[in-house]
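See below for the structure under consideration.
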Amino acid sequence: MLFHDPIFVFAFLPISLGLYLLLSREAPLWAAMAALAIASLIFYGWWEPRYEFLLIGSIVVNYLFGRAITAAPRRKRLLTLAVAANLLALGVFKYAGFLAEIASSVTGSIIEIERPTLPLGISFFTFLQIAYLVDAYRGQTHDRSFGRYFLFVTFFPHLIAGPIVHHSELMPQFKRRISAIWEHLSVGSVIFVIGLFKKLVLAAQMGTWTDAFFGAAAGASPGFVESWLGALCFAFQIYFDFSAYSDMAVGLSRMFGIWLPVNFNSPYKATGIIEFWRRWHITLSRFLREYLYFPLGGNRKGRLRSYVNIMVVMLLAGLWHGAAWKFVLWGGIHGIYLLINHGWRELTSRKRFARLRFPAPVAVAVTFAATVVAWVPFRASDLAQSLAMLRGMCGLNGITLPAHYLATLGRAGETLAAAGVHFGVVPGYGGGVQLMWLTALLVFVWALPNTQELLAPYHPALGFEASGANGQWRRVLAWRPDPRLAAAIGLVAAFLSLRVLQGRPGEFIYFQF
């Protein structure tokens, strides 16, 4: 079940929300929590009921491990066993086929393993519970309630694609009854509608063009223009797709009176890759930092060891996103970016090199361009297509401009043709409308405040701190509970309801992981 499925929007959400609010006010608290847990299981099992046994089994086993680790004298051995069991389950479902492929290439023999269907959200609920086990080892888990632990893992707004919630953020909220119901409903529904708009309109349009560009590049040598346009379209598609999911998850949770942590904070406004990873998939970055980078030694063992640790973490982050070499390449590119960013920061922190620092707009543009390049292997069908697109972006596959540009550019066009630029059909190119869309979305991600900033007075998410940027826009666009804005949101919601009924534009990209 997807957040933009008709069955979710018009049946599951109103029924589960209405029942929860009723029980939360009129029945014992445990009854409301039980109803929410059952609703979450229905949500998860809608896609493939048999994997509910895997989810429930994982919860029971990890809860028991957590209790044992807390009480046992030899906690480190138990922790190792528990983490290994989680990684084994993840490996069987997600990485067995990839490991067989590697073994085949190394040994020269064909090793085939039938790849099972990947259970939805397995990467997310596995990492979430590994964090719980490590915190149990550190003595940081104090809530022993199995019911709250069960709901902490299964709570449907974050179950499939995050955020990777920390137990200390969510479990305490299950101890209290909902209050200020109308504020929760209004704020949550506005955030949900904004996310729905991003998914059904912005991400959907970019996805159509992305498919056209990458489809045309399959088995071909894409040129400079189509490679960059395809990469840009995907950069905006995944931005609005993940931003949409993050908004919808936060909004849905808020309707139930529960705050989720912010997981997406205008990453294309970042002035460097270090800052990008503090804004993109924030809870994954937090998990990798606290439960992988720091245990590896962080930056405590010298600069070289710190750089090695960063590279290891990013390669594993790539593998977490998918069992394929293209994701390893994506993680490796970001690892190299991070090393360059750290080195550049260290260099320009010295007084004599301070003048080399980029002005903020230039730093944002450079970071954005670097990120667009890195998205290519993430979207490409395989490693070969990734390399072909990257060669195209470097101009190694030639440059082709639309045929009508030759006459439009006049003498400049003739000069370009003489210099080796071809004029003809550019696969996937959508004309001026496409260019206007890309320009408008660039303004959107660079100049406008994000959802959390627009609703900042109502504390939309845990851990969100509104920046001072875009202050004027925020004052103009900020949501207020007045009739005019309510009518505007209502009209948008009605339009989006029709889009929902027309059919979904596809899964969220992060549902694949």
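Numerical summary
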| item | result |
| --- | --- |
| Failed item, numbered, when F152 is tested on (1) assigned to a helix (DSSP H, G or I); (2) in contact (Cβ under 8 Å) with a residue 40 or more places away in the chain | (2) |
| Out of G223, G215, G272, G219, sole residue that is within 29 Å of L383 (Cα to Cα), of a type outside the set (A, V, I, L, M, F, W, C) and either at pLDDT 95 or above or in contact with an Asp or Glu (Cβ under 7 Å, 6 or more places away or on another chain) (or both) | G272 |
| Pair list, Cβ under 8 Å, 6 or more apart: segment 68-95 residue more than 26 Å from G121 (Cβ to Cβ) and at pLDDT 90 or above, other residue outside any loop (DSSP other than H, G, I, E, B) and among the polar types (S, T, N, Q) | none |
| Residue match in segment 103-123 (condition: among the small types (G, A, S), at pLDDT 90 or above, within 19 Å of W325 (Cα to Cα) and buried (at least 21 other Cβ atoms within 10 Å of the Cβ)) | yes |
| Condition met for F236 (outside the structural domain of G424 (by TED's automatic domain parsing) and out of contact with any strand residue (DSSP E or B) (no Cβ under 7 Å at 6 or more places or on another chain)) | no |
| Filter result (assigned to a helix (DSSP H, G or I), without any contact (Cβ under 8 Å) to a residue 60 or more places away in the chain and either surrounded by 22 or more Cβ atoms within 10 Å (Cβ to Cβ) or touching a helix residue (DSSP H, G or I) at 6+ places or on another chain (Cβ under 7 Å) (or both)) within segment 269-297 | R278, R279, S285, L288, L292, Y293 |
| Test: F124 is over 25 Å from the mean Cα position of the chain (by Cα) and not assigned by TED's automatic domain parsing to the domain that holds F508 | no |
| Extreme residue, modelled with the highest pLDDT, among residues of segment 479-513 that are surrounded by 15 or more Cβ atoms within 10 Å (Cβ to Cβ) and assigned to a loop (DSSP other than H, G, I, E, B) | F508 |
| Flag for A388 being outside the structural domain of L288 (by TED's automatic domain parsing) and either within 19 Å of the chain's Cα centre (by Cα) or at pLDDT 95 or above (or both) | no |
| Count - residues of segment 214-224 that are of a type outside the set (A, V, I, L, M) and surrounded by fewer than 22 Cβ atoms within 10 Å (Cβ to Cβ) | 4 |
| G219 vs. criteria over 26 Å from G503 (Cβ atoms) and part of a loop (DSSP other than H, G, I, E, B) | yes |
| Identity of the residue in segment 228-268, closer than 21 Å to S186 by Cβ and charged (D, E, K, R), that ends up nearest to the chain's Cα centre (by Cα) | D247 |
| Scan of segment 310-332 for residues that are of a type outside the set (A, V, I, L, M, F, W, C), closer than 18 Å to F127 by Cβ and either out of contact with any helix residue (DSSP H, G or I) (no Cβ under 9 Å at 6 or more places or on another chain) or assigned to a helix (DSSP H, G or I) (or both), ordered by number | G318, H321, G331 |
| Segment 17-57, residues that are hydroxyl-bearing (S, T, Y), buried (at least 20 other Cβ atoms within 10 Å of the Cβ) and under 23 Å from P119 (Cα atoms) | S40, Y44 |
| Selection within segment 160-184 - among the hydrophobic types (A, V, I, L, M, F, W, C) and surrounded by fewer than 17 Cβ atoms within 10 Å (Cβ to Cβ) | A180, I181, W182 |
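Yes/no matrix, rows are residues, columns are (1) in a helix (DSSP H, G or I); (2) crowded, with 24+ Cβ neighbours inside 10 Å; (3) touching a residue at least 12 places away in the same chain (Cβ under 8 Å):
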site: A212; (1), (2), (3): yes, no, yes
site: E226; (1), (2), (3): yes, yes, yes
site: A231; (1), (2), (3): yes, yes, yes
site: F234; (1), (2), (3): yes, yes, yes
site: I238; (1), (2), (3): yes, no, yes
site: G257; (1), (2), (3): no, no, yes
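The values are calculated or read from the model by the stated rules, or taken from the named source; none is laboratory data. No experiment lies behind these values; they were computed from the predicted model shown. Here Cβ is always computed from backbone atoms with ideal geometry, including for glycine, and neighbour counts include all displayed protein chains.
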